[in-house]
1. If you plug each phi of the range 4-10 into the Karplus form 6.51 cos²θ - 1.76 cosθ + 1.60 with θ = phi - 60°, what whole-Hz ³J(HN,Hα) values come out, in order, with x for Gly and Pro?
2. Would you please name the trypsin sites (Lys or Arg not before Pro) within the chain that are DSSP coil residues with at most 15 other C-beta atoms within 10 Å of their C-beta?
3. Summing Lys, Arg as +1 and Asp, Glu as -1, what charge do residues with Cβ under 9 Å from the Cβ of residue 29 carry, residue 29 excluded?
4. How do 9, 50 rank when sorted from fewest to most other Cβ atoms within 10 Å of their own Cβ?
5. Would you kindly state how much longer the chain becomes between residue 67 and residue 23 on full extension, computed as 0.36 nm times their sequence separation minus their alpha carbon distance, in nm to one decimal?
6. Given only helices, namely DSSP H runs of n ≥ 4 each adding -39500 (n - 2.57), what is the per-residue ellipticity at 222 nm of the chain, to the nearest 500 deg cm²/dmol?
Amino acid sequence: MDKNLVIVTDKDLAIFLVMCGLDIIDIRKDKGHNRSLIFFHDNEELKKATLEYANKSKVVNVADYLAAEKRIKTLLYLQKQ
């Protein structure tokens, strides 16, 4: 796997990052811990979005958030199969 990737295991953060326009590079099931690993490119946009998430400093469009949540939930459901 590319060394310039960041692994996210928090579903809410992953939803926020997708809502901000960041692309998921890969998603894998971590069977040892019963969780999914979501990979994003490590760049300034990711760092900025992560800080905005942590500081709650970004105004979020609810419809965009719900659409991103639906896409993430679909991907996570497919990982269970």
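Every number here is computed from the coordinates shown, using simple stated rules; none is lab data. Small disclaimer: the values here were computed from a predicted structure and weren't measured. When we count neighbours, we look across all protein chains shown, and the Cβ atoms used for this are built from the backbone with ideal geometry, even at glycine.
1. Couplings: 8, 10, 10, 9, 10, 10, 7 Hz.
2. Values: sites: 3, 11, 28, 29, 31, 35, 47, 48, 56, 58, 70, 71, 73, 80; in loops: 3, 31, 56, 58.
For trypsin sites (Lys or Arg not before Pro) across the chain that sit outside H, G, I, E and B with at most 15 neighbouring Cβ atoms in 10 Å, the list reads 3, 31, 56, 58.
3. Numbers: positive: 28, 31, 35, 80; negative: 30.
Counting the neighbours of residue 29, the net charge comes to +3.
4. Values: 9 12, 50 18.
In increasing order of surrounding Cβ atoms, one gets 9, 50.
5. Working: separation 44, 0.36 × 44 = 15.84 nm, distance 1.44 nm.
Full extension of this stretch gives 14.4 nm more.
6. On the way: 3 runs with 40 residues, N = 81.
It lands at -15500 deg cm²/dmol.
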